[in-house]
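Beneath this line is the structure, given in structure tokens, with notes to follow.
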Amino acid sequence: MKIIKALLVLSTVLVTTQANALVRIKIDEGNSEPLPLAITNLQGNTNIDEKLGANITKVVEDNLRSSGLFNIIDRNAFLQTEESLRLNGPNFEDWKRLNVEGLFTGTSQLQNDDTADALDKKAVIEYRLFDVYSDQQTVGKKYTAKVKFWRHIANRISDDIYTALTGEKGYFTSRIAYIGENKITDKRGRQRTIKQLCVMNQDSSSQQCLTDGRSIVLTPRFSPVEQKIAYLSYANGRPRVYILDLTTGQQEVVGAYKGLNAAPRFSPDGKKLLMTLTKDEEGNSEIYQLDLDSKKLKRLTFSSSSIDTSPSYSPDGKRIVFNSDRAGRPVLYTMDSDGNNIKRLTYGAGQYYAPVWSPRGDMIAFVKQIYGKFHIGVIDIDEDGRASEERLLTEGFLDESPSWSPNGRVIIFARQTKKDTKIYAIDLTGYNLREVPTTTNAS
């Protein structure tokens, strides 16, 4: 988020020693034991400092717990008091007796200035992460920012710790674009459901709807490099593709061609947009690539009677995975980014939809329908485009719309039941299924 980044100042690392000492989690093994981690409250000199520290600490704790990779130790079990920890530093023997491997400590302090609004005051947050079994600090940092950005600081700290303990980039500062569904009563007293474009932080905080609900919106996708969202909207009853700039609030129509305009997806550099269009004379559903600067449109697929849709770039931008029924049923294919070298990817039973390439490049997530059930699955893919055996991670009445976390570790998806529709997250190993709460039905 550009505004937040401009106001958040990251100091130099205070101390970094044995940075890999705590990288003990084999995160590609779903049955690995969570790493025991003790998280103490950030300490302060005043009640306001203490409250700020407690708020930040809770978010850090909740973030790390939600990943499923860490066992957060109950504070009631602590042998060393937080006051002793602050005055004397860690008593590593006490923490070893609890089988703790990582120890988080730190301080929070508001700076004295003439700012009237407490939320605009600057706060200094320092933390340290210790490897208990080596009796050494692994990483320590200082953040300075306005108090009103305390949650972003907490998410940044969560990313730091996640990276230190797993060796992979954290994802706690990421945001989710989704469709919020609200029931309203119109002027005639009739109830109807409106669908709005909404965004939230990955921990469900800061939920905000960006459209007014007068037009149905679908399939929102963030740009990988800018604060922009591409989505489909039925304004005036016509399906069009829009891009909304979250920084300026400006909205641009980029797909208003004859027929269907759907399934937008940004290229990794944010300069191109894939779409599904039915603009040509034959009326087939084909995949097109739009250059967002020149507005030049290029057709990538040329099927005679099939439906080609749901395109997604590989992270290097060289290949595209898509869904097509050219084999008689919906399955997955890959092609070069210029439309050449089309190869069938999936051969299993059932129907395949909504593929999306992992940011790591080694997997593709998809929706599979088989035997009356819907699944979110993944399939490994190598540099030559060869796929290995697929794995189904979920099973539901209707599981759909998979999307990856920025580090390729977690898949976000929508789960519809006979009662409601909610957003869920699951680890790529198939473990740690959890709901991502929203204030309304969401997909």
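Readers should treat all values here as calculations from the given coordinates under stated rules, not as data from a laboratory. This one's a predicted model, so the numbers in the text were calculated from it and none came from an experiment. Reconstructed Cβ throughout: ideal geometry from the backbone, glycine too, with neighbour counts over all protein chains shown.
In this simple spin-label approximation, residue 370 and residue 84 carry label points 7 Å from Cα along the Cα→Cβ vector, and these lie 5.6 nm apart. With only the Cα atoms considered, the chain has a convex hull volume of 181 Å³ per residue. Between region 384-443 and region 250-280, the C-alpha centres lie 24 angstrom from each other.
Among 253, 60, 436, the order by Cβ neighbours within 10 angstrom, fewest to most, reads 253, 436, 60. Taken about its Cα centre, region 198-249 carries a charge dipole of roughly 280 debye when the Cβ of each Lys and Arg holds +1 and the Cβ of each Asp and Glu holds -1.
Residues 423, 287 in ascending order of nearby Cβ atoms (within 10 Å, fewest first): 423, 287. Remark: relative contact order (region 35-166) = 27 percent; criterion is Cα-Cα distance under 8 angstrom and separation of 6 or more residues. Across the chain, C-alpha contacts under 8 Å between residues 6 or more apart give a mean separation that, scaled by the residue count, equals a relative contact order of 9 percent. Looking at region 333-425, which GluC sites (Glu not before Pro) are DSSP coil and have at most 16 other C-beta atoms within 10 Å of their C-beta? Listed in order of number, the matching sites are 383, 395. For the pair region 62-111 / region 309-362, the C-alpha centres are spaced 46 Å from each other.
The angle separating the long axis of helix 47-66 from the principal Cα axis of greatest extent in the chain is about 50 degrees. Under 21 Å from the Cα of residue 271, which lysines turn up, not counting those fewer than eight places away in the same chain? Within the straight-line limit of under 21 Å, residue 271 reaches these lysines: 2, 228, 295, 296, 298, 318.
Assuming charge only on the beta carbon of Lys and Arg (+1) and of Asp and Glu (-1), the dipole of region 35-166 about its Cα centre is about 260 debye to the nearest 20. Each of 403, 206 was scored by other Cβ atoms within 10 Å of its Cβ. Listed from fewest to most, they are 206, 403. Peptide packing for 155-167, 82-94, 125-137 was compared via the average number of neighbouring C-beta atoms within 10 Å per residue; ordered from the highest value, the list is 155-167, 125-137, 82-94.
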